[in-house]
Amino acid sequence: MKRLKITEHIEYLRPENEIGRFLCSGMIVSGSGKVFFDTNFGEIATRELLAAEKPDFALMSHYHLDHSLWAGFVCGSGAELFVPSGEEDYVAKTDFFLEMTGLAPSSEFWKQFVLKTLKFRGCREFRTYDGSFTLDLKKTKMHFIPAPGHSPGHTTAYFPKEKILFTSDLGFGPFGPWYGFRDCDICLYVESLLSLKAIKPKLLLTGHDGLFNENIDGIFDRCVEAFFLREDMIRAGLEKGRSKDSIVEEGIYFKNKEKARGPLKGMLVSWDSVMFDHHLAVLDQGGLDSLFPGMRRKAQSGAIPS
């Protein structure tokens, strides 16, 4: 695990092999109290960190497993756990989680992966929080800004004095934004990106893509542009008479799926299939250009190379 001191009171932590091990980067924030945010570093590392740092509060940004598996380790640590409002059942009820995230043809593989490999058991001892919740730690203050779309309750953490934004899982890396579950929402996702961009943060800390301190507007613009580019690809394919299966096989988020084998390929196909459906629903409303007029031009003018 790499620990980087951002300010006297904000520390950014990055585990090794985040994606492959279903982990994420997170923060430790210190002041009159101590806060863990998205500190999912695997069972051993997370338990050791909880015992050593003894946080007062532990907050997850959203229910996706790479950001929520550590919730079970918080119970009994002395820290008070907070879950975004609206995502309680995903965290507390394994059957509900599997119903909402398990997709054919990989649903049984996903179930075994979630329950046996990742050992997800759910957690019922928590409070909820939303955008009205703030933490004044005397030395610094944390505001929590809902940024739905990636998940229904996906939430970011903002430090207004320092102008630092922890974006969690917005997708600022080379793969771009991900919205492969049925409860994702493209329009809310784009609206969230535009709202956060308007805050004009000076530093972005992310759940998987490191930190960004230059061309912040361009970072947001590139993420927004990805939605338009994917929509263009799907529209062009449909206009040429291609089937959904053909377009999904080519890849919306996951390219080169032919390199995957067995159940893993089925899971990637399932997620891309859902992303296709999300785009088709937007196209049925006239497309992103109709819903966000002029935004394509702004995104393209501010985009940075991938």
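The values are calculated or read from the model by the stated rules, or taken from the named source; none is laboratory data. Here the structure is a predicted model, which is why all the values come from computation and not from measurement. For neighbour counting, all protein chains shown are included, and Cβ atoms are generated from backbone atoms with ideal geometry for every residue, glycine included. Accessible surface is based on the protein model in full, side chains and every heavy atom, while ligands, DNA and RNA are left aside. Shrake-Rupley method; radii C 1.70, N 1.55, O 1.52, S 1.80 Å.
Side notes on the structure shown:
- Criterion: assigned to a helix (DSSP H, G or I) and open to solvent by 50 Å² or more (accessible area, probe 1.4 Å) - qualifying residue of 188, 193: 188
- Residue 228 vs. criteria in contact with a helix residue (DSSP H, G or I) (Cβ under 7 Å, 6 or more places away or on another chain) and either among the polar types (S, T, N, Q) or surrounded by fewer than 22 Cβ atoms within 10 Å (Cβ to Cβ) (or both): yes
- Selection within the range 200-218: residues that are touching a Ser or Thr at 6+ places or on another chain (Cβ under 9 Å) and not in a strand (DSSP E or B). The member of this set that is farthest from residue 177 (Cα to Cα) is 201.
- All positions within the range 219-248 that are among the basic types (Lys, Arg) and not in a helix (DSSP H, G or I): 240, 242
- Selection within the range 14-31 - modelled with pLDDT of 95 or more and open to solvent by 50 Å² or more (accessible area, probe 1.4 Å): 14
- Residue 241 vs. criteria open to solvent by 60 Å² or more (accessible area, probe 1.4 Å) and of a type in the set (Gly, Ala, Ser): yes
- Screening the range 120-149 for residues that are surrounded by 14 or more Cβ atoms within 10 Å (Cβ to Cβ) and touching a Gly at 6+ places or on another chain (Cβ under 7 Å) and picking the one that is nearest to residue 57 (Cα to Cα) gives 137.
- Annotation: of all residues in the range 120-140 being charged (D, E, K, R) and assigned to a strand (DSSP E or B), the one that is nearest to residue 273 (Cα to Cα) is 127.
- Condition check for residue 59: in contact with a strand residue (DSSP E or B) (Cβ under 8 Å, 6 or more places away or on another chain) and open to solvent by less than 30 Å² (accessible area, probe 1.4 Å): yes
- Checked against the criterion of being among the aromatic types (Phe, Trp, Tyr), touching a Gly at 6+ places or on another chain (Cβ under 7 Å) and more than 28 Å from residue 179 (Cα to Cα), the candidates 57, 37 yield just one match: 57.
- Boolean, residue 46 is open to solvent by 30 Å² or more (accessible area, probe 1.4 Å), farther than 16 Å from residue 167 by Cβ and β-branched (Val, Ile, Thr): no
- Among residues of the range 95-119, those that are open to solvent by 30 Å² or more (accessible area, probe 1.4 Å), among the hydroxyl-bearing types (Ser, Thr, Tyr) and either modelled with pLDDT of 95 or more or not in a helix (DSSP H, G or I) (or both), counted: 0
- Identity of the residue in the range 249-306, in a loop (DSSP other than H, G, I, E, B), modelled with pLDDT under 85 and open to solvent by 70 Å² or more (accessible area, probe 1.4 Å), that ends up farthest from residue 103 (Cα to Cα): 305
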